[in-house]
Amino acid sequence: MTLLPSKTISISIKRRPEEVYAYITNPVNFPEWVTSFVQSIRRSGEEWIVETTEAPITLKFVDNNDYGVADHWVTVATGQTILNPMRVVPNGSGCEVIFTAFRQPGMSEESFANDTAMIENDLRTLKRIMEK
């Protein structure tokens, strides 16, 4: 059994969970709030092609659901597919957005720290947008 090092990041947002969930699970919105590496996005069949600062990736979400599960898979240029667990859960009259990042095999601690810092920044951007 292999366990990857992980870091779970969350942010409180003063907006109804349903509204935040609808926003983050619509890939068209990615360039607005995932500003750390997303440049543009377009649909291709069941997947989305994301143009990034490094190379195109594909993105696919789980089916919409009533539980706030916004898990999605990204497939990078090497062909590796990575699960990104993400949740939107009620927090009072607002919500909490929770993202778990896993350090992939061969990824340095420094690179993982950079990735999680970008995720934290993107979640802060999401908060600013949703609380306008």
On a straight-distance basis, which lysines could pair with K14 in a cross-link, Cα separation under 24 angstrom, same-chain partners fewer than 8 positions away excluded? K127, K132
Neighbour-limited loop hits for chymotrypsin sites (Phe, Trp or Tyr not before Pro), region 64-132 (at most 13 other Cβ within 10 Å; DSSP other than H, G, I, E, B): Y67
Region 54-60 - phi-based ³J(HN,Hα) in whole Hz, Karplus 6.51/-1.76/1.60, Gly and Pro as x: 10, 7, x, 10, 9, 9, 9
Where only protein heavy atoms count, and the probe is 1.4 Å, what is the accessible area per residue for the chain in Å²? 59 Å²
May I ask for the angle, rounded to the nearest 10°, between helix 109-130 and the longest principal axis of the chain, with both axes built from Cα atoms and the value confined to 0 to 90°? 30 degrees
Please check: in the Gaussian network model of the chain (C-alpha springs, under 10 Å), which one of R15, R87, R43 has the largest mean-square fluctuation. R43
If you build a Gaussian network model of the chain, linking Cα atoms that sit under 10 Å apart, which residue out of V88, V28, V50 swings the most? V28
Carbon and sulfur atoms: what percent of the 1.4 Å accessible area of the chain do they account for? 51 percent
What are the aspartates and glutamates whose alpha-carbon lies under 17 Å from the alpha-carbon of K60, with same-chain residues fewer than 8 places away excluded? E46, E47, E51, D71
Which residue, S12, S36, S108, tops the fluctuation ranking in a GNM of the chain built on C-alpha contacts under 10 Å? S108
What is the Cα centroid distance between region 1-53 and region 64-78, reported in whole angstrom? 8 Å
Where does the chain land at 222 nm, in deg cm²/dmol rounded to the nearest 500, when only DSSP H runs of n ≥ 4 count, each adding -39500 (n - 2.57), divided by all residues? -8000 deg cm²/dmol
Could you pull out the GluC sites (Glu not before Pro) across region 32-89 that fall in loop regions by DSSP (anything but H, G, I, E, B) with no more than 12 other Cβ atoms inside 10 Å? E46, E54
Percent RCO, i.e. relative contact order, over region 33-115, from Cα pairs under 8 Å lying at least 6 residues apart: 15 percent
How big, in percent, is the set of alpha carbon pairs in the chain lying more than 23 Å apart? 30 percent
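The values are calculated or read from the model by the stated rules, or taken from the named source; none is laboratory data. The structure displayed is predicted, hence computed values, not measured ones. Cβ atoms come from the backbone with ideal geometry, glycine included; neighbour counts cover every protein chain shown. Keep in mind that these areas ignore ligands, DNA and RNA; they rest on the heavy atoms of the full protein, side chains included. Shrake-Rupley method; radii C 1.70, N 1.55, O 1.52, S 1.80 Å.
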